[in-house]
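The values are calculated or read from the model by the stated rules, or taken from the named source; none is laboratory data. These figures come from a predicted structure and were not determined experimentally. Reconstructed Cβ throughout: ideal geometry from the backbone, glycine too, with neighbour counts over all protein chains shown.
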Amino acid sequence: MGLLKADILIVDGYNIIGSWDDLKALRDTDMGSARDQLISTLSAYVPWCWERIIIVFDGQSFNWDNLDGIEVVFTEGKETADTMIEKLAAGLSASSQVEVATSDFAEYRAASGFGAWCISAPTLKERLAECQDSYKRRLKEKKDVKGIMLNDILSQSVLENLQRLRGSR
């Protein structure tokens with residue numbers, strides 16, 4: 001499967017936890033650990049697969065935090081994760097390529113309607129494996145030529161931002 005490059009990945013947190021066998025088993029004993037494992041797993045893919053990853057969970061009180069390079073959102077008690085994901089997809093799709101990971105068909109259709117690309121939980125797992133394989137190939141190719149350079153593993157947008165910072169001194 002060829003990789004389509006989205007800038008932003010929005011993840012339906014509890015849906016993915018309930019879909020991946022390893023996280024589902026962990027959820028059954030400790031939901032907090034299952035959330036932490038999902039965050040940890042996805043943090044390895046910023047910025048070389050996505051520039052930004054947002055994981056949305058249903059919550060009791062609104063909280064937006066950055067953990068290991070991942071934006072983690074807990075909704076207010078009155079708002080569902082699905083509603084927040086739809087708002088994010090609608091707002092962010094206007095200026096960026098957005099991908100939404102969920103196996104909830106209604107959410108899949110709604111996010112697609114806002115212009116986001118949608119992938120299922122199993123497809124997200126496949127995409128992570130593809131990203132990892134691509135990254136390993138890039139490292140091997142670069143290592144064979146001149147060693148591993150920071151420029152070889154950062155995304156183009158990160159390099160451009162660093163160049164802008166360097167120029168603003």
Residue count for segment 37-78, restricted to those that are loosely packed, with under 14 Cβ neighbours inside 10 Å, touching a strand residue (DSSP E or B) at 6+ places or on another chain (Cβ under 6 Å) and aromatic (Phe, Trp, Tyr): 1
When every residue in segment 4-59 that is assigned to a helix (DSSP H, G or I) and of a type in the set (Ser, Thr, Tyr) is compared, the one farthest from the chain's Cα centre (by Cα) is THR29
Anything in segment 82-93 that is exposed (fewer than 14 other Cβ atoms within 10 Å of the Cβ) and in contact (Cβ under 8 Å) with a residue 24 or more places away in the chain? List them, or say none. none
Got a sec? Which of GLY77, GLY91 is farther than 13 Å from ASP36 by Cα and either in a helix (DSSP H, G or I) or within 12 Å of the chain's Cα centre (by Cα) (or both)? GLY91
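Yes/no matrix, rows are residues, columns are (1) touching a helix residue (DSSP H, G or I) at 6+ places or on another chain (Cβ under 8 Å); (2) of a type in the set (A, V, I, L, M, F, W, C); (3) at pLDDT below 75:
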{"residue": "ALA121", "(1), (2), (3)": "yes, yes, no"}
{"residue": "LEU124", "(1), (2), (3)": "yes, yes, no"}
{"residue": "LEU128", "(1), (2), (3)": "yes, yes, no"}
{"residue": "LYS143", "(1), (2), (3)": "no, no, yes"}
{"residue": "GLY147", "(1), (2), (3)": "no, no, yes"}
{"residue": "SER155", "(1), (2), (3)": "no, no, yes"}
{"residue": "LEU159", "(1), (2), (3)": "yes, yes, no"}
{"residue": "GLN163", "(1), (2), (3)": "no, no, no"}
Total residues in segment 108-128, condition closer than 21 Å to ASP21 by Cα and either buried (at least 20 other Cβ atoms within 10 Å of the Cβ) or of a type outside the set (Ser, Thr, Tyr) (or both): 9
From the set of residues in segment 60-74 that are of a type in the set (Asp, Glu) and in a strand (DSSP E or B), which is farthest from the chain's Cα centre (by Cα)? ASP65
Taking ASP82 as the residue in question, decide whether it is in a strand (DSSP E or B) and charged (D, E, K, R). no
Could you check how many residues of segment 94-123 are farther than 15 Å from ASP7 by Cα, touching a residue at least 24 places away in the same chain (Cβ under 8 Å) and either in a helix (DSSP H, G or I) or not small (Gly, Ala, Ser) (or both)? 9
